[in-house]
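Data first, discussion second: the structure below is written as structure tokens.
Read-outs throughout are calculated quantities, based only on the coordinates presented, and are distinct from any laboratory measurement. Bear in mind that the values here come from a model prediction, so they are computed numbers and not experimental data. Here the Cβ positions follow ideal geometry from the backbone for every residue, glycine too, while neighbour counts run over all protein chains shown.
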Amino acid sequence: METMTTPEARITNPVFVVDGAMDALQALSKSISRVRVSPRLLELMHLRASQINGCGVCAVQHPKIARKLGETDDRIFAVAAWRDAPFFTPAERAALALTEALTRIADSSDPVPDDVWDEAARHFDEQELAALVLSIASINVWNRVNVATRQVAGQEW
């Protein structure tokens, strides 16, 4: 039988090392939460970005948060294949497409194509679009911090 090893983070999570970093990220999150965008949708977007970025911490945490907000297992399990799953509204699909585009900005010469942006703009007003962009940027910060420092999924901070 193979023995499992317990992974360890390279360093303490940087948000706790740099004074004010956690406060800044929490302030951004609080600002986003004041905009009329579904918290459940934001969690699905965070999960999708985290899957793309290979962030185990967030891939474990965001489904738990989504469930607490009333999200269904079908939708959580299908978020990686949202294009082929019947569970998402056109607005949610537009937000997930925007999430993928902004998360994969280095993968294309036109990181956020007009058709992706225009479809999101059909479903969300300017303030909501701004909140979506900031939310995507925020989860990408968390993903990069966690991945770079090999933070361990399932551990409490």
- Task: Please identify, among ALA59, ALA137, ALA27, the residue showing maximal mean-square fluctuation in a Gaussian network model of the chain using a 10 angstrom Cα cutoff.
- Result: ALA27
- Task: Sorted from largest down, give the three principal axis spans of the alpha carbons of the range 43-86, whole angstrom values.
- Result: 26, 23, 12
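Please tell me the relative contact order of the chain in percent, rounded to the nearest whole number, where contacts are Cα pairs under 8 Å and at least six residues apart.
Working: 158 pairs, mean separation 58.8, N = 157.
Relative contact order of the chain: 37 percent.
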- Added length on full extension, which subtracts the Cα-Cα distance from 0.36 nm per residue, LEU25 to GLN155: 44.8 nm
- In the range 28-103, taking the dipole from +1 charges on Lys and Arg beta carbons and -1 charges on Asp and Glu beta carbons about the Cα centre, the listed residue (VAL57, VAL35, HIS46) farthest towards the positive end is VAL35
- Note on the structure: Nearest 10, in degrees from 0 to 90: the angle of helix 56-68 to the longest Cα principal axis of the chain is 60
- Query: Which net charge results for the neighbourhood of LEU44, defined as the other residues with beta-carbon distances under 10 angstrom from its beta-carbon, given Lys and Arg at +1 and Asp and Glu at -1?
  - Reply: 0
- Item | Unit charges on C-beta of K, R, D, E only; dipole of the chain, Debye | 440
- Task: Rounded to the nearest 10 degrees, what's the angle between the helix 39-53 long axis and the longest principal axis of the chain, both from Cα atoms, 0 to 90?
- Result: 60
- Is the shape of the range 29-108 rounded, prolate or oblate, going by the alpha carbon gyration tensor and its root eigenvalues a ≥ b ≥ c, with a/c under 1.5 for rounded and a/b larger than b/c for prolate? rounded
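Please compute the contact order of the range 1-74 in relative form: average sequence separation of alpha-carbon pairs under 8 Å and at least six residues apart, divided by the residue count, as a percent. Kindly include the intermediate steps, with their values, before the conclusion.
Values: 28 pairs, mean separation 15.7, N = 74.
This gives 21 percent for the range 1-74.
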- Query: What are the ³J(HN,Hα) values, in whole Hz, obtained from phi via the Karplus relation 6.51 cos²θ - 1.76 cosθ + 1.60 with θ = phi - 60°, for each residue of the range 8-20 in sequence order, with x given for Gly and Pro?
  - Reply: 10, 5, 5, 8, 4, 3, x, 5, 9, 8, 8, 4, x
- Sort out the exposed loop trypsin sites (Lys or Arg not before Pro) in the chain (DSSP loop, at most 10 other Cβ within 10 Å) and tell me the longest stretch that has none. 37-157
- Item | Rounded to 10°, Cα long-axis angle of helix 90-103 versus longest principal axis of the chain | 50
